[in-house]
1. Just one of THR149, THR135 is at pLDDT 85 or above, within 14 Å of ILE21 (Cα to Cα) and either of a type outside the set (Phe, Trp, Tyr) or in contact with a strand residue (DSSP E or B) (Cβ under 7 Å, 6 or more places away or on another chain) (or both); which is it?
2. Looking at this structure, is GLN44 within 20 Å of SER125 (Cβ to Cβ) and without any contact (Cβ under 8 Å) to a residue 60 or more places away in the chain?
3. Mind telling me which of the residues LEU31, LEU93 ends up being under 15 Å from LYS155 (Cβ atoms), surrounded by 13 or more Cβ atoms within 10 Å (Cβ to Cβ) and at pLDDT 95 or above?
4. Taking helices (runs of 4 or more DSSP H) that do not extend beyond the stretch 1-75, which have at least 3 residues that are under 28 Å from the mean Cα position of the chain (by Cα) and small (Gly, Ala, Ser)?
Amino acid sequence: MLGLEDLQEFLSRGGPVLLAIMATTFLMWSLILERLFYFRLAHQTYAKRALAQWQARSDHRSTFAHWIKDKLVSEVRQKAQANVGFTKALVALAPLLGLLGTVTGMVTVFDYMAITDGADAKAMSRGVSQATIPTMAGMVASISGILFTSGMDQKVERLIQKLNDEMGVE
């Protein structure tokens, strides 16, 4: 079982950029989980409220009525898409942070080579770890986030289309 010491060792091997990747990943997954809870628990409430407001109207045919319908659907869409764009930005940021870790790790390797004339392989391996671990972590974070953010876009579109269909036009 992984202990706190193992995690600290992994983070130290990955260098300071790995901490930024870890923080980005935690924030990204917090937002993903928030959206999953929203879709599971709250979205129906907002959609039903918008549908009830639409059905309470006697006029469904006028231009003004269509504007009101568009407004109601737009409000539900905004609630459903909250934080999705920010989550996508974090998904895109993760591999870039991994690349930053690669560059800083390679700089460390070159520094050790310059100082020791390439004689201290153990010191250079630390820089190689700092170059490869953040790259891997950034890619894993990004791939896991991509799977959920693309699914969120599809879910939002399905839910909004369903609301539009339920409102219909009389």
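The values are calculated or read from the model by the stated rules, or taken from the named source; none is laboratory data. Because the structure is a prediction, the values reported are computed rather than measured. Counting neighbours? That spans all protein chains shown, and the Cβs are built from the backbone with ideal geometry, glycine included.
1. Values: THR149 fails: within 14 Å of ILE21 (Cα to Cα).
After applying the criteria, what remains is THR135.
2. Values: within 20 Å of SER125 (Cβ to Cβ): no; without any contact (Cβ under 8 Å) to a residue 60 or more places away in the chain: yes.
So GLN44 does not fit the description; no.
3. Working: LEU93 fails: under 15 Å from LYS155 (Cβ atoms).
Answer to the selection: LEU31.
4. On the way: elements: 4-14, 16-37, 43-56.
Helices (runs of 4 or more DSSP H) meeting the threshold: 16-37.
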